[in-house]
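The values are calculated or read from the model by the stated rules, or taken from the named source; none is laboratory data. Note that the structure is a prediction, hence the values are computed from the model and not measured. Don't worry about glycine lacking a Cβ; one is built from the backbone with ideal geometry, like all the others, and counts go over all protein chains shown.
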Amino acid sequence: MRARAKTGLRWTWAALFAVGCVLVAAYAFAYLRYRPINPDDPFMVKFAIGGLAVPMHFFGAALALLLVPLQASARIRQRWPTLHRIGGGLSVGGILAGAIGGLAMATQAHRGWTTGVPFTLLALTWLTVTGLGVRYAMQRDFAAHRRWMLRCMALTSSAITLRIILFTGTSPLQLPFDAVYITAAWACWPVNLALCEAWLRWPRRQTRRPLHAYA
């Protein structure tokens, strides 16, 4: 009975996470299709003059986020490895575009260096972690590849955490937007990485059999 409850909880969490990925990615894609310019909105003004960096970041990051549930699925990885590889290639391309665009956007971030620094660190960490994941895949060290790509997915999904913090801080808590935005910029990706590391190092996981290599 307890095992069934745990399985149900895992499926519920996975479903909620997948919905979050799809919703945030859909928002980014919709923004690319229709970008209203409100002169009273500092974000819209900076996005309007951001040049190619804005669509690069939104499209690349949204594509990578949309593919996270697919790439995280062990069933797809085991039954349809070709689909997993194709999704991986698209994800890496999206991350490359999203991170480069994010680096450029960070120089003009809202509230200056207080948010520009954490967004720059996020982009650089995102690129580094993804590069390590690709490197281990090319070396056919698939256990290490999977661990690094899980960290990559945690960084990719920081877009969800960012919006959760923004919503919680500005709606239920009614805190000043700028203070919440700065907090979200500094917290969204370290929190995700910390949770990912905790999951990877969870004692019960250490007693399970090692991750199997897959082609």
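Numerical summary
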| quantity | calculated |
| --- | --- |
| Counted residues, the range 53-90 - those being under 18 Å from V24 (Cα atoms) and among the small types (G, A, S) | 5 |
| Residue within the range 33-49 that is small (G, A, S), assigned to a helix (DSSP H, G or I) and modelled with pLDDT under 90 present | yes |
| In the range 145-174, the residues that are free of Cβ contacts under 8 Å to residues at least 40 places away in the same chain and either in contact with a Leu (Cβ under 8 Å, 6 or more places away or on another chain) or of a type in the set (S, T, Y) (or both) | W148, L155, S158, T161, T168, G169, T170, S171 |
| Residue list for the range 87-115, restricted to those being within 18 Å of P55 (Cα to Cα) and among the small types (G, A, S) | S91, G93, G94, A97, G98, A99, G101, G102, A104, A106, A109 |
| Residue in the range 107-130 that is surrounded by the most Cβ atoms within 10 Å (Cβ to Cβ), counting only those that are among the aliphatic types (A, V, I, L, M) and over 24 Å from L67 (Cα atoms) | A109 |
| Answer from A143, A109 - the residue that is assigned to a helix (DSSP H, G or I) and of a type outside the set (V, I, T) | A143 |
| Failed condition for G133, given (1) surrounded by fewer than 19 Cβ atoms within 10 Å (Cβ to Cβ); (2) small (G, A, S); (3) within 21 Å of L66 (Cα to Cα) | (1) |
| Identity of the residue in the range 159-188, part of a helix (DSSP H, G or I) and of a type in the set (S, T, Y), that ends up surrounded by the most Cβ atoms within 10 Å (Cβ to Cβ) | Y181 |
